[in-house]
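Enquirer: What follows is a structure written as structure tokens; I'll ask about it next.
The values are calculated or read from the model by the stated rules, or taken from the named source; none is laboratory data. Treat the numbers as computed from the prediction; the structure is a model and nothing was measured. Don't worry about glycine lacking a Cβ; one is built from the backbone with ideal geometry, like all the others, and counts go over all protein chains shown.
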Amino acid sequence: MVGVVGSSPIAPTTLCAGLRTLIVAKERHGYDTANAFGERLTILEFARGCPAKDTEKVRLVRTFVAIGERTMPDVRLPDGAVKHFDAPVTVAEVASAIGPGLAKAALAGRIDGKLVDTSFVIDRDASLAIVTDKDPEGLEVLRHSTAHLLAYAVKELFPDAQVTIGPVIEDGFYYDFSYKRPFTPEDLAAIEQRMTELAEKDEPVTRRLMPRDEAVKFFESMGEHYKAEIIASIPSNEDISLYSEGTFIDLCRGPHVPSTGKLKVFKLTKLAGAYWRGDSRNEMLQRIYGTAWAKKDDLELYLHRLEEAEKRDHRKLGRTLDLFHLQDEAPGMVFWHPKGWTIWQQVEQTMRRVYQANGYQEIKCPMILDRSLWERSGHWENYKESMFFTESEKREFAIKPMNCPGHVLVFNSDMRSYRDLPLRYGEFGSCHRNEPSGALHGVMRVRAFTQDDGHIFCSEEQIQSECTAFNRLALDVYRYFGFTDIAIKLALRPDKRLGTDETWDRAENALREALKACAVEWVELPGEGAFYGPKIEYHLKDSLGRSWQCGTMQVDYSMPAQLSAEYVAEDNTRKVPVMLHRAIVGSLERFIAILIEHYAGALPLWLSPHQVVVLTITDRQTDYARAVTDRLKSAGFRAIADLRNEKITYKIREHSLQKLPYQVILGDKELQTQQVAVRTRAGEDLGAMPLDAFIDRLQTEAASRP
Ligand SMILES: [Zn+2]
Ligand SMILES: [Zn+2]
């Protein structure tokens, strides 16, 4: 900039505009304007040195003095206080001016909403929040900086490893390296040790800018071909920001902690392979996962949660409890075993009763439908990559990825009148979606799944009452399954959308009013609605504090018209109904996985595949055990008998591991008194009781819901 001004006088307005453009452009790309101050100061000095003879130059000086005045910034703090500085200050200096405690805790700053390093220079009026490890952003800066520390340590120990990318993820971070062999657990320990040493050295983390092409050459010269490739994909007119700590230099937008000494609580958690850019045709990289926290206690808590999550992993429990399996002949499709299918049936029968008690008519539509239907519904154009196809007699068919078009065809099968509305259809709709194999996860994320999928055809005036009723119902169902902590989100109009603003106003307000009527709290997500209408989402919190989106209610003005649905209105005109897509548990496969993990496999009595096991101590109780089992079965319970000639302690242990709610133990004493000795899966001994008393207890428990 200085060179430009010095060699050719530019009209002040142009210069000013140019400068502003420069600043705006840098801000837009996430780079700070720290060095813009230096430029401005130099320009100012240059202008002051100019003999102010002609008006052009006077204006020039005035312009720069005006800029100069802004270099004595007023900094507004979150509590509303304003601090004045006579000269530009860094974020770190502002923190010091507030107090030594804050100066020490400062990890970054938020200036007018934008996250910056503590070295960022404030040269004009701005609002500033000092970011510490108490802020979510502070934690993110810590994790991000720890990912750099990891790369630094790897480069020290394995100089010929190449760095690629290292993003922050939920609860931690990872970094992918190109290396000639997979890292071992011993390597992991050594890397973590080196990270601790490097953090203790408390080396400053510094930032500088470099033109793109220079940065490409720079990383190429270090043998960092992946980094060079990433930088080469950034537009050539952008400067690249580099961060150094000690001998390690990495490309990054930042911000980072001011020095490595701020990184105190971290742990490397696991190793994995990952393809470069997620493409299996590329090189397999070595991924190292880690986590970082503000306090040691937080780390301990997290590691405990991780351990719990591993114990509860539905894939593991699915195997040990013999619920289901998956195999490569049908990727992403579940083989349900008898016990798993029993759980499924409990969920399905519950949801069927929900349909029946709430004015839904259950229907069943074909799985395979002609291409022309998917073209009209828009799926062919927008969803084709995720669909499976088949053909017969030279006709092309798609295996349905969604149930909605089928429901419209049922609606269209007869002439409908306003008197028929709202018309509610429910289906246990079986769908297939061609998810990439890398995205599949147990029965949580599959290619074939079944939803409790319902569609309500109604008039616009009925949206609100339908949504109110649905919201109550959904919350009831979640409570029934044991989920009481539900976050409700309302996703509003996106930029790309169908329909007029008036229609969107009405639909969004109808949903708001519906939620208000239920006296629930919700969070609004602007821009996250579907292109055809707004939606409500239900996020369930499980016993480990994890959140799962299950239910949804979506207003759709578009599909009924696309598939020519209409009804005769009160004034005898033809109108297009509004379609409400709704599901409560969503995919039954996924919901069952959530249930298994939420309960760690110890499902409530009513959901347990086997509810009672009757155990004999010796052969003498065999007939009595058979009779007891039959009585339990005829009382409606899923009871099994274990009459094997094994030690009773062995049998008890085995069925406890199977997480069966109750064990009935029969010895000679029970046979003589015609009673049953009962034990819970938690190991509690309930003592001997008459069978009828036990059946009463079971009935009460099975019927009791939170
Ligand atoms: Zn970084
Ligand atoms: Zn639908």
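Enquirer: Mind counting the residues in the range 404-449 that are aliphatic (A, V, I, L, M), part of a helix (DSSP H, G or I) and either crowded, with 20+ Cβ neighbours inside 10 Å or touching a helix residue (DSSP H, G or I) at 6+ places or on another chain (Cβ under 9 Å) (or both)?
Expert: Here is the first cut: in the range 404-449, the residues aliphatic (A, V, I, L, M) are 408-410, 415, 421, 423, 439-440, 443-444, 446, 448.
Still in the running and part of a helix (DSSP H, G or I): 408-410, 439.
This time we only want the ones that are either crowded, with 20+ Cβ neighbours inside 10 Å or touching a helix residue (DSSP H, G or I) at 6+ places or on another chain (Cβ under 9 Å) (or both), so: 408-409.
Total meeting the criteria: 2.
Enquirer: Read through the list (1) in contact (Cβ under 8 Å) with a residue 60 or more places away in the chain; (2) touching a Cys at 6+ places or on another chain (Cβ under 7 Å), then give the number of the only condition that residue 424 fails.
Expert: Here residue 424 meets the rest and fails (2).
Per-residue answers, yes or no, for (1) under 19 Å from residue 376 (Cβ atoms); (2) assigned to a loop (DSSP other than H, G, I, E, B):
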position: 520; (1), (2): no, yes
position: 528; (1), (2): no, yes
position: 536; (1), (2): no, no
position: 544; (1), (2): no, yes
position: 549; (1), (2): no, no
position: 552; (1), (2): no, no
position: 561; (1), (2): yes, no
position: 565; (1), (2): yes, yes
position: 570; (1), (2): no, yes
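Quick grid of which residues meet (1) more than 16 Å from ligand 2 (Cβ to nearest atom); (2) of a type in the set (S, T, N, Q):
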site	(1), (2)
359	yes, no
363	no, no
367	no, no
383	no, no
387	no, no
406	no, no
421	yes, no
430	no, yes
435	yes, no
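Enquirer: Suppose we filter the range 254-285 for residues that are in a loop (DSSP other than H, G, I, E, B) and within 16 Å of ligand 1 (Cβ to nearest atom); how many remain?
Expert: So in the range 254-285, the residues in a loop (DSSP other than H, G, I, E, B) come out as 254-258, 263-264, 279-283.
Checking the rest, the ones that are also within 16 Å of ligand 1 (Cβ to nearest atom) come to 254-258, 263.
Of the residues in the range 254-285, 6 are in a loop (DSSP other than H, G, I, E, B) and within 16 Å of ligand 1 (Cβ to nearest atom).
Enquirer: What residue, of 329, 307, 385, is assigned to a loop (DSSP other than H, G, I, E, B) and either touching a Phe, Trp or Tyr at 6+ places or on another chain (Cβ under 6 Å) or exposed (fewer than 13 other Cβ atoms within 10 Å of the Cβ) (or both)? Break it down stepwise before answering.
Expert: Working: 307 fails: assigned to a loop (DSSP other than H, G, I, E, B); 385 fails: assigned to a loop (DSSP other than H, G, I, E, B).
Of the residues listed, the single one that is assigned to a loop (DSSP other than H, G, I, E, B) and either touching a Phe, Trp or Tyr at 6+ places or on another chain (Cβ under 6 Å) or exposed (fewer than 13 other Cβ atoms within 10 Å of the Cβ) (or both) is 329.
Enquirer: Mind checking which residues of the range 91-114 are in contact with a strand residue (DSSP E or B) (Cβ under 9 Å, 6 or more places away or on another chain) and either in a loop (DSSP other than H, G, I, E, B) or crowded, with 21+ Cβ neighbours inside 10 Å (or both)?
Expert: 91, 94, 95, 106, 107, 108, 109, 112, 113
Enquirer: Can you name every residue in the range 116-157 that is without any contact (Cβ under 8 Å) to a residue 40 or more places away in the chain and within 16 Å of ligand 1 (Cβ to nearest atom)? Break it down into steps so the answer makes sense when it comes.
Expert: Our first condition is that a residue be without any contact (Cβ under 8 Å) to a residue 40 or more places away in the chain; within the range 116-157, this holds for 130-132, 135-137, 140, 157.
Once the filter is applied, which keeps residues that are without any contact (Cβ under 8 Å) to a residue 40 or more places away in the chain and within 16 Å of ligand 1 (Cβ to nearest atom), the range 116-157 yields 131, 137, 140.
Enquirer: Among 388, 470, 411, which is the only one that is assigned by TED's automatic domain parsing to the domain that holds residue 578 and either closer than 30 Å to residue 317 by Cβ or among the basic types (Lys, Arg) (or both)? Steps first, answer last, please.
Expert: Working: 470 fails: either closer than 30 Å to residue 317 by Cβ or among the basic types (Lys, Arg) (or both); 411 fails: either closer than 30 Å to residue 317 by Cβ or among the basic types (Lys, Arg) (or both).
When all the criteria are applied, what remains is 388.
Enquirer: Out of the residues in the range 222-231 that are in a helix (DSSP H, G or I) and touching a residue at least 12 places away in the same chain (Cβ under 8 Å), state the one that is farthest from ligand 1 (Cβ to nearest atom).
Expert: Filtering the range 222-231 down to residues in a helix (DSSP H, G or I) leaves 225-231.
This time we only want the ones that are touching a residue at least 12 places away in the same chain (Cβ under 8 Å), so: 225-228, 230-231.
Details: 225: 19, 226: 15, 227: 12, 228: 17, 230: 12, 231: 14 Å.
Looking at the filtered set, the residue picked out is 225.
Enquirer: Further question: Pick out the one residue from 447, 472 that is touching a strand residue (DSSP E or B) at 6+ places or on another chain (Cβ under 7 Å), more than 16 Å from ligand 2 (Cβ to nearest atom), at negative phi and modelled with pLDDT of 95 or more.
Expert: Numbers: 472 fails: touching a strand residue (DSSP E or B) at 6+ places or on another chain (Cβ under 7 Å).
Exactly one of 447, 472 is touching a strand residue (DSSP E or B) at 6+ places or on another chain (Cβ under 7 Å), more than 16 Å from ligand 2 (Cβ to nearest atom), at negative phi and modelled with pLDDT of 95 or more, namely 447.
Enquirer: Just need a number here: residues in the range 612-623 that are surrounded by 18 or more Cβ atoms within 10 Å (Cβ to Cβ) and either assigned to a helix (DSSP H, G or I) or touching a His at 6+ places or on another chain (Cβ under 9 Å) (or both). Before the answer, list the steps.
Expert: From the range 612-623, those surrounded by 18 or more Cβ atoms within 10 Å (Cβ to Cβ) are 612-617, 621; that's our starting set.
Of the ones still in play, those that are also either assigned to a helix (DSSP H, G or I) or touching a His at 6+ places or on another chain (Cβ under 9 Å) (or both) are 613, 615, 621.
Here the count works out to 3.
Enquirer: Pull up the range 123-140, narrow it to residues that are within 16 Å of residue 90 (Cβ to Cβ) and of a type in the set (A, V, I, L, M, F, W, C), then point me to the one that is surrounded by the fewest Cβ atoms within 10 Å (Cβ to Cβ).
Expert: Per the criteria, the residue is 126.
Enquirer: Find all pairs meeting these conditions: Cβ atoms under 9 angstrom apart; at least six residues apart or on different chains; first residue within the range 290-317 and outside the structural domain of residue 148 (by TED's automatic domain parsing); second residue of a type in the set (S, T, N, Q) and surrounded by fewer than 16 Cβ atoms within 10 Å (Cβ to Cβ).
Expert: 308/543; 312/543
Enquirer: Which of the following residues is away from ligand 2 (no atom under 16 Å from the Cβ) and in a loop (DSSP other than H, G, I, E, B): 249, 240, 288, 234?
Expert: On the way: 249 fails: in a loop (DSSP other than H, G, I, E, B); 240 fails: in a loop (DSSP other than H, G, I, E, B); 288 fails: in a loop (DSSP other than H, G, I, E, B).
One residue alone meets the criteria, 234.
Enquirer: May I pose another question? Taking the range 166-207 as the region of interest, how many residues are of a type in the set (Lys, Arg), surrounded by 13 or more Cβ atoms within 10 Å (Cβ to Cβ) and without any contact (Cβ under 8 Å) to a residue 60 or more places away in the chain? Give the steps one after another, and end with the answer.
Expert: Residues of the range 166-207 of a type in the set (Lys, Arg): 180-181, 194, 201, 207.
Next, only the ones that are surrounded by 13 or more Cβ atoms within 10 Å (Cβ to Cβ) stay: 194, 207.
Within this subset, residues satisfying the condition of being without any contact (Cβ under 8 Å) to a residue 60 or more places away in the chain are 194.
Final tally of qualifying residues: 1.
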